[in-house]
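Encoded as structure tokens, the structure appears first; notes follow it.
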């Protein structure tokens, strides 16, 4: 044999052996399964799960569902339209792939990527559960706030993080710009976090003021207790926290319903009433006299001087000009009536005082919520006829039938 050829042959054989020796194990396993595409795909899936590679796992999971449906493993650009049944199965498989991929990303602390894949599944509870396991730090806090708060995955925790990280002022602005337009449960969740934070902070500062000037307050004294027992606390025209923040927190707290929150909000109004007049800023009707009106508002909801409080807001409603103040005075009064169990009366008042230029679709939904608590549907039906609102009439009729069936 030609020595040169022999040398080349030996070199080639050595190179081939070395190349074979460096082939990753996964390829050897796949090569062994070349005649079984399903087994190859499952092997790839397990490999990417084990290696913690979510992007590749997603593609492998997509291949699995396509293989099961008899489609090419990789979709061609000109793939023809499939039957509705195939499309449904493909969609379900892709959602399952999104779920597993998103969970893997989140388990690795990759928040935005994980949420991007979990969002299509609509499983907010699972996303919130996984996010709760991620410890906040300087690197991930903004991502956690974005997903939990602004994407609505876990509003209480996200809003608490925002408060802790950015403070009260920024959090109030975020509430008014991003949360005020959300559904009621979301508004309530964030408002409760804000109220608790501000109430606790103010109480702590007041306790410190007391301790510097006399014996410390008892640990079980509430903010109201401390103010009542020590008239000197605000006697010199001072204050303990930003008074614009105080007003904002009280205004935002009107959405809350639990007794503990209502009590805290009422106590904040008592603090506000003791402030120097230069810090008692006016509000919008029916809360122009901001702290006294809010004190009466929360007092009604707490069962204190209910008749007097309702009479106050009724007078405000009757004295207000809808052209100047809109429907807010009427809405506040009817809301209070409804929240103290006088829903039928609330409906009658609303229908008797709503301006003619208010569109029927704006008024009917809240009225139907009230009617669901008392069965007072007939006035709503008459109103829909007067306003030429067939859809409102149909909705009220259907709701009335449901109420009648449920209440015999």
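The values are calculated or read from the model by the stated rules, or taken from the named source; none is laboratory data. In this text, all values refer to a predicted model and were calculated from it rather than measured experimentally. Cβ atoms come from the backbone with ideal geometry, glycine included; neighbour counts cover every protein chain shown.
All told, residue 56 meets the bar of being within 22 Å of residue 121 (Cβ to Cβ) and either surrounded by 10 or more Cβ atoms within 10 Å (Cβ to Cβ) or modelled with pLDDT of 90 or more (or both). When you scan the range 87-147 for helices (runs of 4 or more DSSP H) that lie fully inside it, which ones turn up with 2 or more residues that are under 16 Å from the mean Cα position of the chain (by Cα) and crowded, with 20+ Cβ neighbours inside 10 Å? Filter on the range 87-147 gives 124-131, 141-145.
Residues that are outside any helix (DSSP H, G or I) and touching a helix residue (DSSP H, G or I) at 6+ places or on another chain (Cβ under 9 Å) within the range 47-86 comprise 52, 53, 69, 70, 71, 72, 73, 74, 75, 81, 82, listed in sequence order. Just one of the listed residues (164, 236, 209) is out of contact with any strand residue (DSSP E or B) (no Cβ under 6 Å at 6 or more places or on another chain) and exposed (fewer than 12 other Cβ atoms within 10 Å of the Cβ), and it is 236. In the range 374-386, the count of residues that are surrounded by 15 or more Cβ atoms within 10 Å (Cβ to Cβ), within 30 Å of the chain's Cα centre (by Cα), within 17 Å of residue 343 (Cβ to Cβ) and touching a residue at least 12 places away in the same chain (Cβ under 8 Å) is one or more.
Every listed requirement among (1) farther than 23 Å from residue 372 by Cβ; (2) surrounded by fewer than 22 Cβ atoms within 10 Å (Cβ to Cβ) is met by residue 360 save one, (1). With respect to the stated conditions, residue 362 is closer than 29 Å to residue 306 by Cα, without any contact (Cβ under 8 Å) to a residue 24 or more places away in the chain and part of a helix (DSSP H, G or I).
Any residue at all in the range 334-350 that is without any contact (Cβ under 8 Å) to a residue 40 or more places away in the chain, in the same structural domain as residue 311 (by TED's automatic domain parsing), under 30 Å from residue 298 (Cβ atoms) and part of a loop (DSSP other than H, G, I, E, B)? Yes, because at least one residue in the range 334-350 is without any contact (Cβ under 8 Å) to a residue 40 or more places away in the chain, in the same structural domain as residue 311 (by TED's automatic domain parsing), under 30 Å from residue 298 (Cβ atoms) and part of a loop (DSSP other than H, G, I, E, B).
Taking the range 212-250 as the range and being free of Cβ contacts under 8 Å to residues at least 40 places away in the same chain and closer than 15 Å to residue 198 by Cα as the test, the residues that pass are 240, 243, 244. Out of 322, 365, 355, 329, one residue alone is surrounded by 21 or more Cβ atoms within 10 Å (Cβ to Cβ) and not assigned by TED's automatic domain parsing to the domain that holds residue 194. It is 329. If only residues of the range 305-325 that are free of Cβ contacts under 8 Å to residues at least 12 places away in the same chain and not in a helix (DSSP H, G or I) are counted, the one that is nearest to residue 263 (Cα to Cα) is 305. Against the list (1) in contact (Cβ under 8 Å) with a residue 12 or more places away in the chain; (2) over 32 Å from the mean Cα position of the chain (by Cα), the condition residue 31 fails is (1).
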